[in-house]
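The values are calculated or read from the model by the stated rules, or taken from the named source; none is laboratory data. All values derive from a computational prediction rather than experimental measurement. Please note: Cβ atoms are built from the backbone with ideal geometry, for glycine as well, and neighbour counts cover all protein chains shown.
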Amino acid sequence: MINLAIYASGSGTNAGNIIRYFKNHPEISVKVVLCNNPDAYVIQRAKRLEMPCVVFPNEELEETMDILSEYEIDYIILAGFLQKVPDKIIDAYRGRIINIHPALIPSQYGGKGMYGMRVHNAVIAAGEKESGITIHLVDEIYDNGENIFQIRCAVKPDDTPEDLASRIHCLEQLYFPRVIESYVLSG
């Protein structure tokens, strides 16, 4: 069995979707959710889905290596996780940490501080004709690792950032679990 850990900081819609997708998978299992925000709704989602969830303070992110070891984690999935992954974890899981970004990268819509509605506001403000999602490996630099999947969608002339966010979220829900599955099974 290939064991996954999900790191999340927010509402957890992608985390919940991934947990449900792999619930009865014959080869892949989500073992634990790790969250650095005690107020994040992902904690409630994990509980409802009967998934162990460990909440930790930001300054103890590096120590989550012990949890990864305890659950025998093979791959780390970042699903709305807003902290930079420490080098110690990156080194231990190089090529096995997968993130999703709500824009096409590389572009000016990635990097430190570019997440959630900030990305969609920037895309709309710049008058872009398309956006999309990027699923990529994590390295030492924000949104810099090798892209493993991208899909584009149109940015309509009358789109609000919320309209674009909704369209992007649909792409995330549809593709993120499938890309994780394909990537880890090919590894």
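Scan region 148-187 residue by residue and report those that are among the polar types (S, T, N, Q) and under 13 Å from the mean Cα position of the chain (by Cα).
As a first pass, look at region 148-187 and keep what is among the polar types (S, T, N, Q): 150, 160, 166, 173, 182, 186.
Passing the criteria: only Gln173.
For region 12-43, a residue qualifies if it is buried (at least 16 other Cβ atoms within 10 Å of the Cβ), part of a loop (DSSP other than H, G, I, E, B) and among the polar types (S, T, N, Q), and the qualifying residues are Asn36, Asn37.
Pick out the one residue from Ile148, Ile67 that is in contact with a strand residue (DSSP E or B) (Cβ under 6 Å, 6 or more places away or on another chain) and assigned to a strand (DSSP E or B).
Result of the check over Ile148, Ile67: Ile148.
Give me the residue from region 151-180 that is assigned to a helix (DSSP H, G or I) and of a type in the set (Ser, Thr, Tyr) and, out of that set, surrounded by the fewest Cβ atoms within 10 Å (Cβ to Cβ).
Start the filter on region 151-180 by keeping residues that are assigned to a helix (DSSP H, G or I), which leaves 161-180.
So of that shortlist, the ones also of a type in the set (Ser, Thr, Tyr) come out as 166, 175.
On the way: Ser166: 12, Tyr175: 18.
Applying the filter and picking the extreme gives Ser166.
Residues of region 106-139 that are in a loop (DSSP other than H, G, I, E, B), modelled with pLDDT of 95 or more and not hydrophobic (A, V, I, L, M, F, W, C): Gly127, Glu128, Lys129, Asp139.
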